[in-house]
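Everything below concerns the one structure shown next.
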Amino acid sequence: MSVAEEKFSTKFEEAASKPKHRGAFYQEDATEKGMALVEAKFKDMKLYWLVDAVEGRVYSAKFFAYGGKVSVGICEQLCSMVKGLTIDEACSLLGADVERALRDDPDEPAVPESKKTAFGNVPELLKIIKEKYPEAKAVAQATASIKDSGAGKPKSARELTMQEQAWLDLSEEDQIKQVELVLDEKVRPALMSDGGNIQVLEVVDGERVLVQYQGACGSCGSSLGATLSFIERTLRQELYGDLQVVPNM
């Protein structure tokens, strides 16, 4: 295969190497914002959308991609495109629409010919989103009804727990120490058994944990998918519910 055939567009390389939408939403995130949470997984891509259940409009979107950079680039662009659209508008997008949006030149494909088939995952993901939205909307409406009746208290209005307040009162140095303790106990043993590790670089504003994968983790596709999701969920459970783990690429 020639060098020209292997060329990716600059827009695609940027989306794949510096994704802004990688991560996950959980039900508590949806409840906090009064949104419906819709998830869809197809092959090595998984989407998480927060949707305004009143307007049926996408409020925000995140993803995990368990494959290589092609999957990351596609999901990143798709998440960027759907924000602000209604469910019907978002779910009418095609893989070709995503590919065209990633082109530098309208006449030059964004990816090599051999990688174009990955864009076929887009309509499959959106089909699942559209099928799952009615149920997610019903959950959001039921939650809103409970909140309005006074039977529940939304996370956005709740007081911080003692554990969360204690976390926010720590210095960054002490926050890093707490993160390291959790990683040592619950994460690193599994990573090290596969020849990998993880380094904590900094904690920003008590909410963003910047990390650097080491060893085998740096080249493993799941480091941007299942592994990252596990690390983030573990830190949220053990330390602070709004933590986000951001790998240094």
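The values are calculated or read from the model by the stated rules, or taken from the named source; none is laboratory data. Treat the numbers as computed from the prediction; the structure is a model and nothing was measured. Cβ: placed from backbone, ideal geometry, glycine included. Neighbour counts: every protein chain shown. SASA here: full protein model, heavy atoms, side chains in, ligands and nucleic acids out. Shrake-Rupley method; radii C 1.70, N 1.55, O 1.52, S 1.80 Å.
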Handout entry: Stokes-Einstein D in µm²/s, Kirkwood radius over Cα pairs - segment 1-137 at 4 °C with 1.567 mPa s viscosity
Key = 86
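How long are the semi-axes of the equivalent ellipsoid of the chain, taking √(5λ) for every eigenvalue λ of the Cα gyration tensor, in whole Å from largest down? Each step should come with its number before you reach the end.
Details: eigenvalues 198, 149, 36 Å².
Each semi-axis is the square root of five times an eigenvalue, giving 31, 27, 13 Å.
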Exercise for the section: Specify which residue in the list Ala16, Met192, Phe42 is farthest towards the positive end of the charge dipole of the chain, using unit charges on the beta carbon of Lys, Arg (+1) and Asp, Glu (-1), about the Cα centre. Expected result: Phe42
Fill in the blank from the handout: Heads up, segment 90-151 by the C-alpha gyration tensor (a ≥ b ≥ c square roots of eigenvalues; a/c under 1.5 rounded, else a/b over b/c prolate, else oblate) looks prolate
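Given the Cα-Cα distance of Asp104 and Glu172 and 0.36 nm per residue of separation, how much length would full extension add, in nm? Mind showing how you got there, number by number?
Details: separation 68, 0.36 × 68 = 24.48 nm, distance 4.07 nm.
Contour length minus Cα-Cα distance gives 20.4 nm.
With only Lys, Arg, Asp and Glu charged, each at its Cβ (+1 for the first two, -1 for the last two), find how big the charge dipole of the chain is about the Cα centre; round to the nearest 20 debye. Before the final figure, lay out the partial values.
Numbers: 31 positive and 41 negative charges, 134 e Å.
The calculation lands at about 640 debye.
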Practice task
Figure the gain on full extension for Lys20 and Lys130 (residue separation times 0.36 nm, minus the Cα-Cα span) and round it to one decimal in nm.
Solution key: 37.2 nm
Practice task
Would you mind computing, in nm to one decimal, how far apart the modelled labels at Glu6 and Lys116 are, each placed 7 Å from Cα along Cα→Cβ?
Solution key: 2.0
Handout entry: Heavy atoms of Asp184 accessible to a 1.4 Å probe, total area in Å² rounded to 10
Key = 90
Exercise for the section: Could you provide, to the nearest whole Å², the per residue accessible area of the chain with probe 1.4 Å? Expected result: 51
Completion exercise
Placing +1 on each Lys and Arg Cβ and -1 on each Asp and Glu Cβ in the chain, then taking the dipole about the Cα centre, the residue among Gly215, Val51, Trp167 whose Cα reaches farthest towards the positive end is Val51
Completion exercise
A chain fully extended from Leu94 to Leu201 at 0.36 nm per residue, minus the present Cα-Cα distance, gains in nm 34.7 nm
Problem - R0 of 25 Å, Cβ-Cβ distance Ser80-Gln237: FRET efficiency to nearest 0.05 - result: 0.30
